[in-house]
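Engineer: First the structure, which I've put down as structure tokens, then a few questions once you've had a look.
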Amino acid sequence: MSKRLTLVLGGARSGKSTYAEQMAAQNGGDVLYIATATASDDEMATRIQAHRAQRPANWRTLEAPTAVGDAFCASGANPDVVVLDCLTLLTNNVLFTEPEPIAKETAEAALGEEIDALLAAYDGSQAEWIVVSNEVGLGLVPPYPLGRIYRDALGRANQRLAAVADAVLFMVAGLPMKVK
């Protein structure tokens with residue numbers, strides 16, 4: 001494996017996670033799956049369980065709803081491949097820990113710190129990283145302030161990762177389109 005950062009973007013149910021997992025499996029070696037989802041209700045708990053069940057048994061999982069970079073570094077893991085699924089939920093988790101009403105500047109600063117730590121963890125590792133995130137810029141402008149703040153913060157985070165990524169893929173109906 002060689003150090004590489006791939007950003008896999010797409011809409012909901014576009015095949016991002018499945019494709020990222022296929023990439024990791026094809027690359028072989030020791031895989032660490034960083035899961036950012038939290039089971040906030042029964043439906044989400046079912047989704048998390050389904051994701052766990054579909055991953056190979058030999059993959060290790062690090063559950064980190066926030067502070068992903070710090071959690072990775074503290075884990076002492078030295079995998080060949082890291083799959084981070086997903087930046088979308090990580091953004092949600094970071095923003096919803098902030099007191100309401102959240103200001104745009106506060107949201108972007110909090111997520112910026114999260115991205116700084118994530119990139120520092122990537123820089124300090126020799127692993128191939130595959131980061132999954134939703135592309136939220138193709139839909140309607142959310143009709144409420146928090147939705148717009150969330151969309152803008154995630155869009156900027158995606159841009160930061162895309163700028164440093166070796167490859168950026170955009171998933172459409174389960175098919176990858178090479179962006180970078």
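The values are calculated or read from the model by the stated rules, or taken from the named source; none is laboratory data. Keep in mind that this is a model prediction, so the values were computed, not measured. Note that we place each Cβ from the backbone using ideal geometry, even for glycine, and neighbour counts take in every protein chain shown.
Engineer: Got a sec? Which of Val131, Val168, Val179 is surrounded by 13 or more Cβ atoms within 10 Å (Cβ to Cβ), closer than 21 Å to Pro65 by Cβ and aliphatic (A, V, I, L, M)?
Structural biologist: Of Val131, Val168, Val179, the one residue that is surrounded by 13 or more Cβ atoms within 10 Å (Cβ to Cβ), closer than 21 Å to Pro65 by Cβ and aliphatic (A, V, I, L, M) is Val131.
Engineer: Here is a check on your reading of the model: is Leu118 of a type in the set (A, V, I, L, M, F, W, C), more than 15 Å from Leu9 (Cα to Cα), buried (at least 19 other Cβ atoms within 10 Å of the Cβ) and touching a residue at least 12 places away in the same chain (Cβ under 8 Å)?
Structural biologist: Yes, satisfied.
Engineer: Only one of (1) more than 22 Å from Val164 (Cβ to Cβ); (2) more than 13 Å from the chain's Cα centre (by Cα); (3) modelled with pLDDT under 95 fails for Ala74. Which number is that?
Structural biologist: (3)
Engineer: Of the residues that sit in the range 4-29 and are surrounded by fewer than 20 Cβ atoms within 10 Å (Cβ to Cβ) and of a type in the set (A, V, I, L, M), which one is farthest from Ala165 (Cα to Cα)?
Structural biologist: Ala12
Engineer: Would you tally the residues in the range 114-166 being small (Gly, Ala, Ser) and assigned to a helix (DSSP H, G or I)?
Structural biologist: Taking the range 114-166 as the starting set, the residues that turn out to be small (Gly, Ala, Ser) are 117, 120-121, 124-125, 127, 133, 137, 139, 147, 153, 155, 157, 162-163, 165.
This time we only want the ones that are assigned to a helix (DSSP H, G or I), so: 117, 120-121, 147, 153, 155, 157, 162-163.
Final tally of qualifying residues: 9.
Engineer: Which residue is nearest to Lys104 (Cα to Cα), if the candidates are limited to the range 134-161 and must be among the small types (Gly, Ala, Ser) and buried (at least 18 other Cβ atoms within 10 Å of the Cβ)?
Structural biologist: Taking the candidates together, the pick is Ala153.
Engineer: For Thr18, are the conditions met, namely being over 18 Å from the mean Cα position of the chain (by Cα) and assigned to a helix (DSSP H, G or I)?
Structural biologist: Answer is no for this residue.
Engineer: When residues of the range 21-74 are filtered for being touching a residue at least 40 places away in the same chain (Cβ under 8 Å), in a helix (DSSP H, G or I) and small (Gly, Ala, Ser), how many remain?
Structural biologist: 2
Per-residue answers, yes or no, for (1) within 18 Å of Asp85 (Cα to Cα); (2) modelled with pLDDT of 95 or more:
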position: Ala110; (1), (2): no, yes
position: Leu119; (1), (2): yes, yes
position: Tyr122; (1), (2): yes, yes
position: Trp129; (1), (2): yes, yes
position: Gly137; (1), (2): no, no
position: Val141; (1), (2): no, no
position: Tyr144; (1), (2): no, no
position: Ala167; (1), (2): yes, yes
position: Val172; (1), (2): yes, yes
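Engineer: Determine whether Thr36 is polar (S, T, N, Q) and closer than 19 Å to Val136 by Cα. Let's see the steps before the verdict.
Structural biologist: Values: polar (S, T, N, Q): yes; closer than 19 Å to Val136 by Cα: yes.
Answer is yes for this residue.
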